[in-house]
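S.K.: Dumping the structure here so I can ask a few things about it.
The values are calculated or read from the model by the stated rules, or taken from the named source; none is laboratory data. Bear in mind the structure is a predicted one, so any value in this text is a computation, not a measurement. Glycine gets a Cβ as well: all are built from the backbone with ideal geometry, and neighbour counts include every protein chain shown. Note: areas computed on protein heavy atoms with side chains; ligands, DNA, RNA excluded. Shrake-Rupley method; radii C 1.70, N 1.55, O 1.52, S 1.80 Å.
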Amino acid sequence: MTLAKFARLNESLEFLTPTQSITMIKNDWESFSDPITLTKILTLDYPMNNLGNKRAIKWIASSMGVFDDDIERAASVHLDLGDGVYSYDDNKEYSNVTLKQFLRLLSINCNKMDSDSFRLFDEYFNQMNPLEKKWFVRYWVRTPRNGIQSGTVKKLISKIYNKKMIVINKHCKFNSLTEIVDCYMNDITPTSNLRMGVFVPPMLAKSMKKKDWPKQQVLEYKYDGARYQIHKTPETIIIFNRKGKIVNKQYADIIEMVSNWDYDSFIIDTEIYPINDDDSPAPFQQLGTRIHSKNHAEAAQKCPVTLAVFDCLMLDGKTLIDEPLSLRIDAMGEMPNQAVRSYDDFESFYSQSIALGFEGIMIKNTKAMYDTGKRSKHWVKYKPPRIDLDVVILGARYGDGKNGHVFSSFDIGVINDSGFDKIGCLGGGFKEIELVMLTNKLKPLTTSYDNGTFTLLPRVVLTVTADLVSKNRDNTYALRFPRMKCIRDDKPVTEINTIDDVVMLV
């Protein structure tokens, strides 16, 4: 299969529903000479390439012999970098770039222009015609915007290989979709064991009414940090973030801590959270120093962290995810840094958690298996009552996968004495039709575009709900876990909440 055929396929898929896309790809599946490479690309199963929009623009402009501003302007006009490049080129001839060569280009490290990576990129990019360039660029910056995501590919694989979704989902606990296709093609049953160094999609919690909480339960503090999965063998330690990216450089101190634990191997589910000098939990926003700083040693000094271990997926070679939580807790035994647990009264444990500065508590079903990659009714989160605010949209970004053609991430703000203060980024609580409506409303309000964000005139009002308001180190304020409640077409911007309202909620 060539890049040319792949580009034409994606052009056909761009405005189809997921069901229509599945039907189209299924009908053509036998004509694809390399389904494994195709699956890798469709699921973005290739290495991160250290590329952002600004660097992508620089590489494209240099390869095409134009100014960076020219490409940036084209992307701004067409509201997409791929479409911008498509409009800028008039080469009619398709290239002979193969799908394997395409995947190799997607996988190169784009950290430096004065490298073999840029020379390879330049060589192949100039062979492509506009349609090929459009889809290369979209996959290169990992925003294909064709409605294809992992869930779509799962359903596709189910139909092609006549497997029930329950079987596909079971195999996805232990294998990538690429590995599953490879096994099915060769009539092999995918492995059902965890593997050290292979990320496991984490089990997620729900918020539910008290009457629906698990009856057989254990309570845990809810730590206000970020979720990390740690794999340890006698030779190495790997820390994955919740998206499966390795983040060892950010957490050398955690690696040193874990290396001293008296276990040969394990896969543990953890929360890393910032702490104050007295080891009490610090505001979540401080963790951004660790996550985003390039000077990792300096970030470790500015933001000390600690670890809370709350689950164990594998211990000394034995897979535990199909065992009940009670057994997984027993298996951890005296492992250090375990989450604080209680089997006693909910009210007192919750009050204790809040008094100590934690975010709330978790209520977990002691009989439940580890449900990888799912938001499960067996884990319930309970936090202080949420707050409601009326805000205005100040900026917007396109989404991923099925939301790639609509705005689905929004900068929101409230009124201050001279204009507006941004108080966070909003991406949850929207119905699909609401995202389409907002995109149509907001596009004409664009005043500028930079690095994927559209700056907008403050005209569209939303009511949002959030867990709490926190104060950042730079004396700005941010909503914690905001979600959209409704679009307020009835409310003028002059009547939204003010920064004084927000300060009072801290």
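S.K.: Which one is nearest to residue 406 (Cα to Cα), of the residues in the stretch 442-477 that are charged (D, E, K, R) and in a strand (DSSP E or B)?
M.R.: 450
S.K.: Considering only residues of the stretch 76-133 that are in contact with a strand residue (DSSP E or B) (Cβ under 7 Å, 6 or more places away or on another chain) and surrounded by 16 or more Cβ atoms within 10 Å (Cβ to Cβ), which is farthest from residue 43 (Cα to Cα)?
M.R.: Result: 76.
S.K.: I want to confirm something. Restricting to the stretch 218-240 and keeping residues that are touching a residue at least 40 places away in the same chain (Cβ under 8 Å), over 21 Å from residue 285 (Cα atoms) and of a type outside the set (D, E, K, R), which single residue is most open to solvent (accessible area, probe 1.4 Å)?
M.R.: That would be 238.
S.K.: Go through the stretch 50-75 and give me each residue that's open to solvent by 50 Å² or more (accessible area, probe 1.4 Å), in contact with a helix residue (DSSP H, G or I) (Cβ under 6 Å, 6 or more places away or on another chain) and closer than 14 Å to residue 140 by Cβ.
M.R.: Scanning the stretch 50-75 gives a single hit, 58.
S.K.: Also, quick follow-up: If the Cβ limit is 9 Å and pairs must be 6+ apart or interchain, which residue in the stretch 27-42 that is open to solvent by less than 60 Å² (accessible area, probe 1.4 Å) pairs with which residue that is part of a helix (DSSP H, G or I) and of a type in the set (Lys, Arg)?
M.R.: From residues that are open to solvent by less than 60 Å² (accessible area, probe 1.4 Å), the pairs are 32/5; 34/100; 37/100.
S.K.: Among the residues of the stretch 341-381, how many are part of a loop (DSSP other than H, G, I, E, B), β-branched (Val, Ile, Thr) and out of contact with any Cys (no Cβ under 9 Å at 6 or more places or on another chain)?
M.R.: Total meeting the criteria: 1.
S.K.: Please identify the pairs in which a residue from the stretch 176-193 that is more than 14 Å from residue 37 (Cα to Cα) has its Cβ atom under 7 Å from the Cβ atom of a residue that is modelled with pLDDT under 95 and of a type in the set (S, T, N, Q), counting only partners at least 6 apart or on another chain.
M.R.: The qualifying pairs are 190/175; 191/175; 193/319.
S.K.: Taking the stretch 382-411 on its own, how many of its residues are in contact (Cβ under 8 Å) with a residue 60 or more places away in the chain, in a strand (DSSP E or B) and within 20 Å of the chain's Cα centre (by Cα)?
M.R.: Here the count works out to 3.
S.K.: Would you tally the residues in the stretch 420-430 being in a loop (DSSP other than H, G, I, E, B) and on the phi > 0 side of the Ramachandran plot?
M.R.: 1
S.K.: Which of the residues spanning the stretch 160-179 are open to solvent by less than 60 Å² (accessible area, probe 1.4 Å) and closer than 17 Å to residue 25 by Cα?
M.R.: Within the stretch 160-179, 160, 161, 177, 178 qualify.
S.K.: Output the residue which, of all residues in the stretch 455-469 that are open to solvent by less than 50 Å² (accessible area, probe 1.4 Å), at pLDDT 90 or above and in contact with a Leu (Cβ under 7 Å, 6 or more places away or on another chain), is farthest from residue 487 (Cα to Cα).
M.R.: 456
S.K.: Would you check which residues across the stretch 153-199 are closer than 29 Å to residue 237 by Cα, among the hydrophobic types (A, V, I, L, M, F, W, C), out of contact with any strand residue (DSSP E or B) (no Cβ under 6 Å at 6 or more places or on another chain) and not in a helix (DSSP H, G or I) and list them?
M.R.: Selection gives 174, 198.
S.K.: Could you check the stretch 88-113 and list, in sequence order, the residues that are in a helix (DSSP H, G or I) and touching a residue at least 24 places away in the same chain (Cβ under 8 Å)?
M.R.: 88, 99, 100, 101, 102, 103, 105, 106, 107
S.K.: Restricting attention to the stretch 369-420, which residues are touching a helix residue (DSSP H, G or I) at 6+ places or on another chain (Cβ under 9 Å), farther than 29 Å from residue 15 by Cβ and β-branched (Val, Ile, Thr)?
M.R.: 372, 380, 392, 414, 415
S.K.: Run down 243, 215 and say which single residue is modelled with pLDDT of 90 or more, open to solvent by 60 Å² or more (accessible area, probe 1.4 Å) and within 23 Å of residue 378 (Cβ to Cβ).
M.R.: The conditions single out 215.
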